[in-house]
1. With bins 20 Å wide starting at 0, give me the P(r) of the chain over every alpha carbon pair, in whole percents.
2. Any chance you could get the radius of gyration and Dmax over the Cα atoms of the stretch 152-258, in Å?
3. For a quick check: sort Thr274, Thr54, Thr107 by the number of other beta carbons within 10 angstrom, fewest at the front.
4. Between Glu87 and Ile136, what FRET efficiency comes out of the Förster formula 1/(1 + (r/R0)^6) with R0 = 30 Å and r the beta carbon distance, rounded to 0.05?
5. The stretch 270-424: percent of C-alpha pairs farther apart than 24 Å?
6. Within the chain, what percent of beta bridges assigned by DSSP are antiparallel, to the nearest 5?
7. If you take the beta carbon distance between Arg369 and Asp409 as r and set R0 to 22 Å, what does 1/(1 + (r/R0)^6) give as a FRET efficiency, to the nearest 0.05?
8. Kindly provide the pair-distance distribution of the stretch 206-289 built from C-alpha pairs, with 5 Å bins from 0 and whole-percent values in order of increasing distance.
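Every read-out reported here was derived from the displayed coordinates using simple, explicitly stated rules and does not represent laboratory data. Since the structure is predicted, the reported quantities are computational estimates derived from the model, not experimental observations. Every residue, glycine as well, gets a Cβ built from its backbone with ideal geometry; the counts of neighbours run over all protein chains shown.
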Amino acid sequence: MTGAPVAAAPVATPENVFAQAFLQATNAILITDADIAGGGPFIVHANPAFCRMTGYRLEELVGRSPRILQGPRTDRKMLDALREHLEQGLPFSASTVNYAADGRAYTVEWSIAPVRAADGVVRHFVSVQNDITARIAGEQERRLLLQALNASQDPILLTDRKTRVVFANEAFRRLTGYAADEILGESARMLYPSPRERTSYRTLRTSLRDGKDFRATFTYRRKDGSPFYVEQSIAPVLDAAGRVTHYISTGKDVSERVEREHHLLEIASRDSLTGLYNRLAGSRMLDALIGEAQASGRPFSLILADLDHFKAINDSRGHQAGDDALVAVGGILQAGIRGGDLAIRWGGEEFLILVPGCGIAQAMELAERLRAGVAGAQIADAGQITVSLGVAQLAAGESAAALLQRADDALYRAKSSGRNRAMVAEPG
């Protein structure tokens, strides 16, 4: 039994391939003749993509000039340049505004090339075109956004997921002192004040990692090393799938306000007579240092000092002499302590020295130096003055109150033993 005959597949000639490519191309393609002198060129063919782009049917295009696509916003200088190229048989590329059949303006980008016959004479022109209206609108929106961001008086920073800077507005660059090429591509961590202070940014990183916004006042460093303060909001930027791609930071320079607050806090923390820290500030520092010592296991000691016969100075020489004595002793204590130690006017004629990282032996050496410094000073109105001191080292699990009580007991024993001496507290 003989089956039905099978139709032979069409031969794939170059002409067939080019015809199919022309019809199926996603780019708009227009073919014109080369009749430039006769008012042309005139359209001889257009592919479906060109008809979709312009809104014209093929039969409405064939035999007409491409000038039907031109309108008020079409670039006339560009058209003059195009005509010169066509007259010389040269290719030409440009973009301009054309108009669709319904009057809608669109931005077109095209490349026109001459098509020569075997004798070398230009017989046609072929134009490959793309509607770039959406792309142009996107670029315009991006430029507008950049202009708006740069116009902001507040610093704005955009980083990628690894905190590399991809955009910094003019206000940010003015505030930090960095030029664009000095900060773009760099990690925002370069603005952190110091490795020790970077630990305060852990909460920020955790929050952003969880896709949450974060708001706080940050301390940064300018290019010249000077600090500044920014009240900052940082938020993750998500893509269409909800994945974090960038972080945007908007802020306000609050350096003046923060420095004013620091100044007021410093004033509130100081004793008005001696200039040392007052009892309120000293109590907070004592609690903080005890907490650090208990957590780290490092030693911590304190020295409680009291002027000897202070009441007699006030009674015999007057209260001004007493004040002079307090100021002088405060100055001697402040000058005699180490860089990390803290001198506090604890109240009345009593002073407290906080000595972090120091065991009892070193604390006693310091106490002796301070005692000798006071004893060797001559104060015009107050005469020679001395201090008695009690020295105590923090015991494991000991409270601030208990430590102070032991130092006070040692101070009382120093007074009872003749004054002008330092005594070690009993073990806690």
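1. Calculated P(r), rounded to whole percents: 18, 24, 23, 12, 13, 9, 1, 0.
2. Cα radius of gyration and Dmax of the stretch 152-258 are 13.2, 42 Å respectively.
3. Exposure proxy ranking, most exposed first: Thr107, Thr274, Thr54.
4. 0.55
5. So the portion of pairs separated by more than 24 Å is 27 percent.
6. Roughly 95 percent of the DSSP beta bridges within the chain come out antiparallel.
7. The formula returns an efficiency of 0.45 here.
8. The calculated distribution, bin by bin, is 3, 12, 14, 13, 13, 14, 12, 8, 5, 4, 2, 1, 0.
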